[in-house]
There are 2 protein chains.
Amino acid sequence: MGQPDTRARIQGAAGMLFRRHGYSATGLKRVATEAEAPFGSLYHFFPGGKQQLAEDMIRTSGPEYGRMVLALLDSVPDPAESLVHAFEAAANDLAAADYADACPIGTVALEVASSNEVLRAATAEVFEEWVDAAAQWFGRWVADPKAARSLACSMIMMLEGAFMLSRAARDTEPLRVAGRSMAALLRTTVAQAGED
Amino acid sequence: MGQPDTRARIQGAAGMLFRRHGYSATGLKRVATEAEAPFGSLYHFFPGGKQQLAEDMIRTSGPEYGRMVLALLDSVPDPAESLVHAFEAAANDLAAADYADACPIGTVALEVASSNEVLRAATAEVFEEWVDAAAQWFGRWVADPKAARSLACSMIMMLEGAFMLSRAARDTEPLRVAGRSMAALLRTTVAQAGED
DNA sequence: GTCTATATTATGATAGAC
DNA sequence: GTCTATCATAATATAGAC
């Protein structure tokens with residue numbers, strides 16, 4: 001390695017561009033420029049070209065992002081309050097990034113769902129991992145595994161949908177609404193279980 | 001008009017491709033081919049090129065789709081049950097379309113959010129219209145306008161997020177979970193208002 | 001209004017000197 | 001491993017015959 005990790009810079013630039021503009025709109029020339037790397041290095045480190053670069057991003061940034069979101073979920077003792085705080089943190093981050101950087105794989109996931117089987121499968125696996133991890137977290141307050149998994153899946157969906165609406169409107173309100181709705185959903189699930 | 005509405009065929013083909021593959025991945029050559037229209041006709045009817053074609057799609061298919069979804073929400077007297085049925089209908093439609101045709105503007109909305117101000121604003125206006133219309137519907141069962149609007153926004157977000165996960169996994173389960181969660185959210189909101 | 005041909009630029013990808 | 005030049009192709013867009 002001559003430069004301080006050319007490969008990492010390429011990965012970083014690709015991840016940023018895929019996240020902001022999606023798969024199709026991201027050109028490899030632009031990736032090389034943004035990474036301050038010669039174009040040839042891109043194919044040296046990623047012989048599979050654009051698809052390999054995207055799959056690498058999905059399988060690296062995806063799990064990382066999942067861990068980051070899950071880590072936000074223990075900010076306070078009350079889980080419902082934690083949900084509100086986590087979505088508020090996401091809202092603040094999104095606004096600070098000028099509504100550019102939301103979910104690293106969401107845009108790509110929709111783009112490739114019907115056109116690239118390799119990348120579709122990669123995004124599906126990441127979503128599945130997120131739901132599994134979140135279901136474990138909800139399991140700490142909801143005894144029924146099916147109920148915990150339903151909450152987990154709902155949280156991921158609400159987050160993705162909230163990112164879409166917040167980015168489109170350039171307004172954090174959808175994300176804040178999503179957090180309050182998830183808190184209400186958790187509270188009512190816990191209360192309902194207590195009745196049995 | 002010589003052929004039975006060349007313009008409409010171009011609109012239809014563009015809408016289908018934008019919906020399935022997004023904005024960047026949709027080529028105008030392919031649009032013309034799919035529409036069985038000569039390439040020149042495309043620029044004859046849409047001098048603004050790709051962007052005009054996309055904006056037209058967003059402002060036409062967007063409101064149409066909103067009305068279609070809202071119309072599903074009165075299938076049965078109980079509103080919570082209606083929500084479950086509406087999401088189930090969306091799930092069945094998506095599976096029948098081989099997970100290709102979900103929300104007509106969702107993919108485009110994420111793609112253009114940080115790169116095309118005209119199209120971003122168009123998607124934002126459509127989402128706003130949807131939330132307004134849904135808030136009116138929820139208002140029939142929830143007296144507080146803020147609560148009704150919160151439910152409406154949550155429903156749209158949950159639907160968009162569910163489309164993303166269902167398309168990625170090629171599985172209708174996320175959409176069905178979303179419907180049940182929205183039903184629970186409505187029920188708890190109605191119950192909570194009754195306590196006051 | 002219809003349709004073909006083409007201009008121009010960008011894309012993903014490769015070859016090969018160093 | 002680095003970097004440049006270039007390939008082949010496809011993109012958006014336009015010109016102009018009919």
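The values are calculated or read from the model by the stated rules, or taken from the named source; none is laboratory data. Fair warning: this is a prediction, and the values are worked out from it, not measured in the lab. So basically every Cβ, Gly included, is an ideal-geometry build from the backbone, and we count neighbours across all protein chains shown.
Listing for the model above:
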read-out: Cβ-Cβ under 6 Å pairs, at least 6 apart or on other chains, region A:167-192 side under 14 Å from A:Asp93 (Cα atoms), far side at pLDDT 95 or above and not in a helix (DSSP H, G or I); value: A:Arg167/A:Tyr99; A:Arg167/A:Ala102; A:Arg167/B:Ala113; A:Arg170/A:Tyr99
read-out: Qualifying residue in region A:27-50 (condition: in contact with an Asp or Glu (Cβ under 8 Å, 6 or more places away or on another chain) and more than 10 Å from DNA strand C (Cβ to nearest atom)); value: no
read-out: Index of the failed condition, A:Glu36 passing every other in (1) at pLDDT 95 or above; (2) on the phi > 0 side of the Ramachandran plot; value: (1)
read-out: Some residue of region B:14-23 being within 16 Å of DNA strand C (Cβ to nearest atom) and farther than 18 Å from B:Phe127 by Cβ; value: yes
read-out: Positions within region A:72-101 being closer than 20 Å to A:Thr188 by Cα and polar (S, T, N, Q), in sequence order; value: A:Ser82
read-out: Scope region A:22-64; condition buried (at least 18 other Cβ atoms within 10 Å of the Cβ) and within 19 Å of A:Ala100 (Cα to Cα); matching residues; value: A:Gly22, A:Tyr23, A:Ser24, A:Ala25, A:Thr26, A:Val31, A:Ala35, A:Ala54, A:Met57, A:Ile58, A:Ser61, A:Gly62
read-out: Filter pass, A:Ala152 being more than 8 Å from chain B (Cβ to nearest Cβ), free of Cβ contacts under 8 Å to residues at least 24 places away in the same chain and within 15 Å of the chain's Cα centre (by Cα); value: yes
read-out: Any hit, region B:85-96, residues being under 30 Å from B:Asp196 (Cα atoms), at pLDDT 95 or above and of a type outside the set (Gly, Ala, Ser); value: yes
read-out: Region B:65-80 residues that are exposed (fewer than 15 other Cβ atoms within 10 Å of the Cβ), paired with ones that are aromatic (Phe, Trp, Tyr) (beta carbon under 8 Å, 6 or more apart); value: none
read-out: Wholly enclosed helices (runs of 4 or more DSSP H) of region B:1-58 bearing at least 1 residues more than 9 Å from DNA strand D (Cβ to nearest atom) and touching a residue at least 60 places away in the same chain (Cβ under 8 Å); value: B:6-21
